[in-house]
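What follows is a single structure, written as structure tokens, with notes after it.
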Amino acid sequence: MLTIYNSFTNKKEVFEPIVPGQVRMYVCGMTVYDYCHIGHARVLVVFDVVFRFLKHLGYDVTYVRNITDIDDKIIDRARENEEETSHLTERFIRAMHEDADALGVLRPDMEPRATDTIEPILAMIDSLQQQDYAYQADNGDVYFAVSKFKNYGQLSGKKVDELRAGERVDVDEGKADPLDFVLWKSAKPGEPSWPSRFGEGRPGWHIECSAMSNSLLGNHFDIHGGGQDLQFPHHENEIAQSESCNGEKFVNYWMHNGFVRVNEEKMSKSLGNFFVLREVLERYRAEEIRYFMISSHYRSQLNYSEEQLDNARAALQRLYAALQDTDAVDIPAGSEYQHRFEQALNDDFNTPIAIAVLFDLARDINRAKTEQQDQQHALASLLRYLGGIIGLLQAEAESFLKSEAGQGTGLSDAAIDELIQQRLQARASKDWANADRIRDELEAAGIVIEDGPEGTRWRRR
């Protein structure tokens, strides 16, 4: 039985979809004005695991992950670069897809863009104004009247009076209340804009997600996810405008993944600890990064460091080593390993516990290789199958262990094989000094040599 921690109620709840057997899920995607950073990568991987496991459980899942392709940051960056906003966003959408594909993230069923959703956005704003939840200020902007929505603050736990006391209003904004947020921004010279009965303009950020989710998943759907930083004000505002517009509950289960920290500090450009995913991929395999992302529970804070990524590399090498010299066969039915693995993921997608089961399985595979060889292939097939549920262990074992991390600038496979042959010849001639020298040379190049009864094999460290 699947349980999900609902950020709205702050407790685990048994998952019950609105329509039996079907799941409709919306996740806030990237604002595409720059390359994907480690924080974005965590969102992509976390909800990819959720998507994969829901499908594994047999649900018919409709997964929507949006793209914000019009925003102040996009306009500012395009102006800095002296390029069209559409050129900028297309470039970074391609880059985002490349990064997500590298991490083994499955494409969502639908990936709407804000600029393709202008009509549904304007329809929602029209409805909100007609129901007296929205108003047009003297500056031409259209705002949502927070005071009209009585349940504002329920998701974040924030109190309206306290929020209002801490807000300032720019006199140029024309807001009636400091908490009111913009639905439609009046066009400024040189900015992208669309016609509306409110005048030329563009949508606010919050209304984009409400319109995209409502138009594709309906007014009321099962799961809404995103990073913890979006809980307030973005998701709070989505609830307010969606429920005010539609007169019904917006989402049943809210899921938020924890922040990514760097060496126990908040990741930020100002602190100089901001890591673009592409830069990390120059030094580490994509699967190592994915493993690192899911080795902690999705709701916990994730501390990024090279030590943590090195640990992920070592862990994956142990798992892949267990898969060496095994053949694909039918997986055993009713396995205790599978039961424990699924039990972990059913408990609010507890990937650390699920991964621990994979290591128990790898240990028993290694034992079977020497004690019960007839079992090793079945156990190895099960390991690969369970790993696949969370997007791991799908490479060929020998290939993974011999592949270079990141861009790779070390010894080629052919050079390594040649040095190993020279070492074997030196050992055969009892030239131990030369054999040790070659081993040390390989070690310095990050190559681990393993001598066994079936000969010498190597892997990259």
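Each reported figure results from applying straightforward, stated rules to the coordinates on display, with no laboratory input. Here the structure is a predicted model, which means the values were calculated and not measured. Counting neighbours? That spans all protein chains shown, and the Cβs are built from the backbone with ideal geometry, glycine included.
Computed from Cα positions, the angle between helix 205-217 and the longest principal axis of the chain comes to roughly 70 degrees. In the chain, the DSSP-assigned H stretches of four residues or longer account for a calculated mean residue ellipticity at 222 nm of -14000 deg cm²/dmol, using -39500 (n - 2.57) per stretch and the full residue count as denominator. Computed about the Cα centre, the dipole magnitude for the range 306-402 is approximately 140 debye when only Lys and Arg (+1) and Asp and Glu (-1) carry charge, each at its Cβ. Placing unit charges on each Cβ (+1 for Lys and Arg, -1 for Asp and Glu) gives the range 83-161 a dipole about its Cα centre, and among Q136, Y152, A95 the Cα reaching farthest toward its positive end belongs to Y152.
Please compute, over every Cα-Cα pair in the range 164-269, the percentage with a separation greater than 21 angstrom.
Working: 2851 of 5565 pairs.
Counting pairs separated by more than 21 Å, the tail of P(r) holds 51 percent.
Whole-Hz Karplus values for the range 21-38 come out as x, 10, 10, 10, 10, 10, 10, 5, x, 8, 8, 8, 10, 7, 6, 5, 9, 4 Hz, taken residue by residue from phi with 6.51 cos²θ - 1.76 cosθ + 1.60 and θ = phi - 60°; glycine and proline positions read x.
Structural descriptor for the chain: relative contact order 16 percent, calculated from alpha carbon pairs under 8 angstrom and at least 6 residues apart.
Legend: ranking of residues W194, W254 from fewest to most surrounding C-beta atoms inside 10 Å; resulting order W194, W254. Cβ-to-Cβ counts within 10 Å put H40, H220 in ascending order as H220, H40, the fewest first.
What is the antiparallel percent of DSSP beta bridges lying wholly in the chain, to the nearest 5?
Details: 23 of 45 bridges.
Restricted to the chain, the bridges split so that about 50 percent are antiparallel.
With θ taken as phi - 60° and the Karplus curve 6.51 cos²θ - 1.76 cosθ + 1.60 applied, the whole-hertz 3J(HN,Hα) list for the range 110-121 is 9, 9, x, 10, 4, 5, 8, 10, 4, 4, x, 4 Hz, x standing for glycine and proline. Computed with the Debye formula from one identical point scatterer per Cα of the range 122-212, without solvent, the log10 of I(q)/I(0) at q = 0.19, 0.23 Å⁻¹ comes to -0.93, -1.26.
Over the chain, what portion of Cα pair distances is larger than 38 Å, expressed as a whole percent?
Details: 36800 of 106030 pairs.
When every Cα pair of the chain is considered, 35 percent fall beyond 38 Å.
Taken over the range 303-390, the percentage of Cα pairs per 10 Å bin, counting from 0 up to the bin with the maximum distance, is 17, 48, 28, 7, 0. For the range 1-132, the residue among I75, M30, T3 whose Cα projects farthest onto the positive side of the dipole built from Cβ charges is T3.
Magnitude of the Cβ-charge dipole of the range 3-261, K/R +1 and D/E -1, about the Cα centre, nearest 20 debye?
Values: 27 positive and 42 negative charges, 186 e Å.
Magnitude of the dipole: close to 900 debye.
Helix 236-246 and the longest principal axis of the C-alpha atoms of the chain enclose an angle of approximately 60°. Scanning residues 5 or more positions from N6 or on other chains, those with amide H under 5 Å from its amide H are K11, K12, E13, with H placed 1.01 Å from N in the peptide plane.
Each part reduced to its alpha carbon centroid, the range 1-39 and the range 303-346 end up 24 Å apart.
Among 56-63, 44-51, how do they line up by average Cβ neighbours within 10 Å per residue, starting with the highest? Don't skip to the end; give the middle numbers.
Numbers: 56-63: 16.5, 44-51: 24.8.
Per-residue mean Cβ counts within 10 Å order the peptides as 44-51, 56-63.
Ordered by the number of other Cβ atoms lying within 10 Å of each residue's own Cβ, fewest first, F144, F53 fall into the sequence F53, F144. Under 5 Å between amide hydrogens, built in the peptide plane, is the criterion, and for L302 it picks out F259, V260, R261 among residues at least 5 positions away or on other chains. Enumerate the lysines that K185 could reach by cross-link, defined here as Cα to Cα under 17 Å, with residues fewer than 8 away along the same chain left out. The reachable lysines, counting only those whose Cα sits under 17 Å from K185, are K73, K175. Charging the Cβ of each Asp and Glu at -1 and of each Lys and Arg at +1, and nothing else, the dipole of the chain about its Cα centre rounds to 800 debye. Expressed to the nearest 5 percent, the antiparallel share of DSSP beta bridges inside the range 3-261 is 45 percent.
Normalising by residue count, the range 3-261 has a Cα convex hull of 135 Å³ per residue. Considering only F53, V19, S127, and ranking their Cα positions along the charge dipole of the chain that arises from unit charges at the beta-carbon of Lys, Arg, Asp and Glu, the one farthest toward the positive end is F53. Inter-part distance, the range 222-280 to the range 71-92, computed on C-alpha centroids, equals 23 Å.
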